[in-house]
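Please read the structure below before turning to the comments.
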Amino acid sequence: MALYSEKVMEHFRCPRNVGVIENADGIGEVGNAKCGDIMKMYLKIDNDIITDVKFETFGCGSAIASSSMATELIKGKPVSEALALTNKAVAEALDGLPEVKMHCSVLAEEAIKNAIEDYYAKRKEK
Amino acid sequence: MIYADNAATTKLSRTALNAMLPFLEELYGNPSSLYAFGQKAKDAVELARENIARCMGCSPREIIFTSGGSEADNQAILSAAAIGRKRGKTHIISDTIEHHAVLHTLKKLEKEGFEVTYLPVDKNGLVRAADVAAAIKDSTCLVTIMYANNEIGTIEPIKEIGELCRKRGVLFHTDAVQAVGHLPINVENDNIDMLSASAHKFHGPKGTGFLYAKKGVALQNLIEGGAQERGKRAGTENVAGIVGMAASLSEAVENMESTSKKLTALRDRIIKGLSQISHSALNGDERMRLPSNVNFCFEGIEGESLLLLLDDKGICASSGSACTSGSLDPSHVLLSIGRVHDVAHGSLRLSIGEDITEEQADYIIKAVGEVVSHLRGFSPVWRDLISGKREFIL
């Protein structure tokens, strides 16, 4: 059996929503200091709807695939729904991740939460 | 497919396969059986022992067949420790870039009360003989230093270390798994007391290896049972494996000069090509290096993604990244030569084999370049590096 599901490989090979959003409404950056993976999420939010999302990831295949899948899952969704996204949902959408790679999906969940927090913080400032 | 992971394992040579086949088919007798049919298998095992001894420059009686390099490392180190313990000597000297078969055996001994000195290596992965000399004390019972490193290909000053161990009366073991069949080794000239080897690293079969132990070094059994291997390693011999190992080693030694020349030229071609990638660095010593080994770090990317994308391009390679190790830490070898975590994650090991062509070497250079720039394209670390937020290390 291959290390990763076909779904993981597909998202790894052709990651969706790769890149940067200039003047993003919320930016989240998380990293697993120990294993070294770093994930950065950029959100464009309009009327509490995530109208655009982009990511950059330094990490293994499952980290890249998790970021890609997570962006797909929250794009066009209300912020409240994005906040409720769990790492498990990301992993399930990828047809599963190896046990040792589950922390990659956690990073994706955290990156989104982090970006939304940043969005709220920025809004408060205004 | 371009197989560039020969440090992990190699293709079984046709010569070895042909030598093995009779013992997998008609000549299935047990070497311990009395009748002629069994004795044929015994003769084959002993002939293999003679051939291997000739390749290593020792006597056949000094070769013990094992299941591979790890078993040989375990047996060598535990035997030396047992000898030491009897004499009240419980200090061992090794280094920080050994294979886990050595490191984990030493850890076990530490728990049993042994003191182990892990010598640091220089930035190219070289152990300094002077450091070994300085670390030897009255209680030292063993020095174990690898012949050549499996990750970065650095060849250690074995002869020099062996010589000083001999002068000081300390047993010297070397894990030569990456070196046997690839580098000219003569245990007598190199002053080696014990040496571990594994057949599948020199185009022999998996599951077979040997331990050379100089006459007079009392080996301790890891496996108890029958009287095979002069009572030092119980269990019916892996006859076909042993025969295949001898055939592949003889072949490798015979062709060593030409193979080494070809590989060295292609290795250097790849090293030169990959050096063109910005913010990259060669790991290991340029000169004291296995002919097959290329190891690079590329800043701003992670090794597992690199391997997966190279696999898509038909290239089999390896990395010292944490993500490929099953643990959270990158390679202990890369950390030991001073590569920081971030950089060690972006490592690539290519270990080329005899079959590789110049065109394939050039294809590897091109493919690695493409994959590295693709991954850097969406790496937040790379963005920080090029925007000046983070300082380049390489």
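A few remarks follow.
- Helix-only mean residue ellipticity at 222 nm for chain B, each DSSP H run of n ≥ 4 adding -39500 (n - 2.57), per residue, nearest 500: -13000 deg cm²/dmol
- Summed buried accessible area for B+A [probe radius 1.4 Å, Å², rounded to 100]: 2000
- The convex hull around the C-alpha trace of the range B:1-140, projected and averaged over every direction, spans 13.1 square nanometres.
- Here B:Glu359 and A:Lys7 are evaluated by their C-beta separation; at R0 = 30 Å the FRET efficiency comes out at 0.30.
- Relative contact order (percent, whole number), chain A, Cα cutoff 8 Å, 6+ residue spacing: 31
- Only Cα pairs under 8 Å and 6+ residues apart enter the sum, and on that basis the relative contact order of chain B stands at 21 percent.
- Principal-axis tilt of helix B:100-111 within chain B, Cα atoms, nearest 10 degrees: 70
- Listed residues B:His104, B:Phe114, B:Leu164: farthest to the positive end of the dipole of the range B:14-254 (Cβ charges): B:Phe114
- For B:His173, net neighbour charge (Lys/Arg +1, Asp/Glu -1) across residues whose Cβ lies under 9 Å away: -3
- Euclidean distance of C-alpha centroids, the range B:60-108 and the range A:1-43, integer Å: 44
- In the range A:49-77, burial by the other protein chains removes 40 Å² or more of 1.4 Å probe accessible surface, compared with the chain on its own, from A:Glu56, A:Phe58.
- The chymotrypsin sites (Phe, Trp or Tyr not before Pro) of the range B:308-394 that meet both conditions, a loop assignment by DSSP and at most 14 other Cβ atoms within 10 Å of the site Cβ, are B:Phe392.
- Sum of side-chain charges, B:Leu119 neighbourhood, beta-carbon under 11 Å (Lys, Arg +1; Asp, Glu -1): -4
- Degrees between helix B:358-377 axis and first principal axis of chain B (Cα, 0 to 90, nearest 10): 50
- For the range B:1-107, the set of trypsin sites (Lys or Arg not before Pro) satisfying both a DSSP loop assignment and a count of at most 10 other C-beta atoms within 10 Å is given as B:Arg87.
- Cα centroids of the range B:368-394 and the range B:128-206: 39 Å apart.
- Solvent-accessible surface of the protein assembly as shown, averaged per residue with a 1.4 angstrom probe and all protein chains in place: 42 square angstrom.
- Over chain A - Rg/Rh using Cα atoms and the Kirkwood inverse-distance radius: 0.97
- Cα pair distances in the range B:207-334, grouped into 10 Å bins until the bin that holds the longest one, percent each: 10, 25, 25, 26, 13, 2
- Within the range B:353-394, the GluC sites (Glu not before Pro) that combine a DSSP coil assignment with at most 16 other C-beta atoms in a 10 angstrom radius are B:Glu391.
- Local charge for B:Glu224 was computed over the other residues whose Cβ lies under 13 Å away, with Lys and Arg +1 and Asp and Glu -1, and equals +1.
- Percent carbon-and-sulfur accessible area, the protein assembly as shown, ignoring ligands, DNA and RNA, probe 1.4 Å: 52
- Relative compactness, chain B, computed as alpha-carbon Rg over 2.2 N^0.38 Å: 1.03
The values are calculated or read from the model by the stated rules, or taken from the named source; none is laboratory data. Everything numeric in this text was worked out from a predicted model, so none of it was measured. A quick note on method: Cβ atoms are made from the backbone with ideal geometry, for glycine too, and the neighbour counts reach across all protein chains shown. Note: areas computed on protein heavy atoms with side chains; ligands, DNA, RNA excluded. Shrake-Rupley method; radii C 1.70, N 1.55, O 1.52, S 1.80 Å.
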